[in-house]
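Take a look at the structure set out below.
The values are calculated or read from the model by the stated rules, or taken from the named source; none is laboratory data. All values derive from a computational prediction rather than experimental measurement. Cβ placement follows ideal geometry from the backbone for every residue including glycine, while neighbour counts extend to all protein chains displayed.
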Amino acid sequence: MVRISAVITLTFAALAAAVPMQTQRRQTGDLDCNLARLKIIFDVAASKKLVSQINATDLPTANALAIAQTSLDSVNSGIQDILAAIFDAKNAPALSRTQVSDGLDAARSALAIIKDPSLNATVAEAQARILTAGQDGDKVVAECK
C-alpha cells in the first residue's frame with residue numbers, strides 16, 4: 001500500500017512540475033518564434049537608423065521625424081517589456097503588444113507626412129522596414145503560442 005501511495009504522489013509531483021515547464025516552453029518559443037522575435041528587433045533598429053539619417057528640410061518634416069523617432073522608441077520599450085516578461089517566465093503583457101503595434105503604426109503615419117522629394121528614397125526605405133517589422137510582429141503572435 002505504501003508503494004502505491006508513493007507512486008501516486010510521485011505522479012502528481014511530476015504533473016505539477018510539468019505545467020510550469022510547458023508554460024516556459026511556450027513563452028521562450030521554438031526556432032520560428034525566436035527568429036520572428038529577432039527579425040522585429042532588427043527591423044525596428046534598422047528603421048530607427050534610417051529615420052535618424054533623414055535631414056529635416058522644414059518644420060513639418062522635423063515634426064514628422066520627431067514623432068517617428070518617439071514612436072519607434074515606444075516600440076523598443078514595448079519589446080523590452082515583453083522580453084522581460086518572457087525571461088521572468090510570465091506571459092507577454094497585452095499592453096506591451098499593443099504598444100509595439102501602435103508605435104509602428106504611428107511611425108509609419110508620421111513618415112507619410114514627409115513630402116520633400118529629395119527625401120523620398122530614405123523615407124520609403126524606412127517605411128518599408130517599419131512595415132516589415134509589423135509583419136514580423138504578426139509572425140511573433142502567430143508562432144509564439
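Which is closer than 15 Å to Ser47 by Cα, at pLDDT below 95 and more than 9 Å from the chain's Cα centre (by Cα), of Ala107, Ala121?
After ruling out the rest, the residue left standing is Ala121.
Only one of Ala126, Ala92 is in contact (Cβ under 8 Å) with a residue 60 or more places away in the chain, touching a Cys at 6+ places or on another chain (Cβ under 9 Å) and at negative phi; which?
Just a single option satisfies the conditions, and that option is Ala92.
Only one of Thr70, Thr57, Thr132, Thr98 is farther than 19 Å from Asp43 by Cα and of a type in the set (Ser, Thr, Tyr); which?
Just one listed residue meets the conditions, Thr57.
Return yes or no: is Leu72 over 17 Å from Cys33 (Cβ atoms) and of a type in the set (A, V, I, L, M, F, W, C)?
yes
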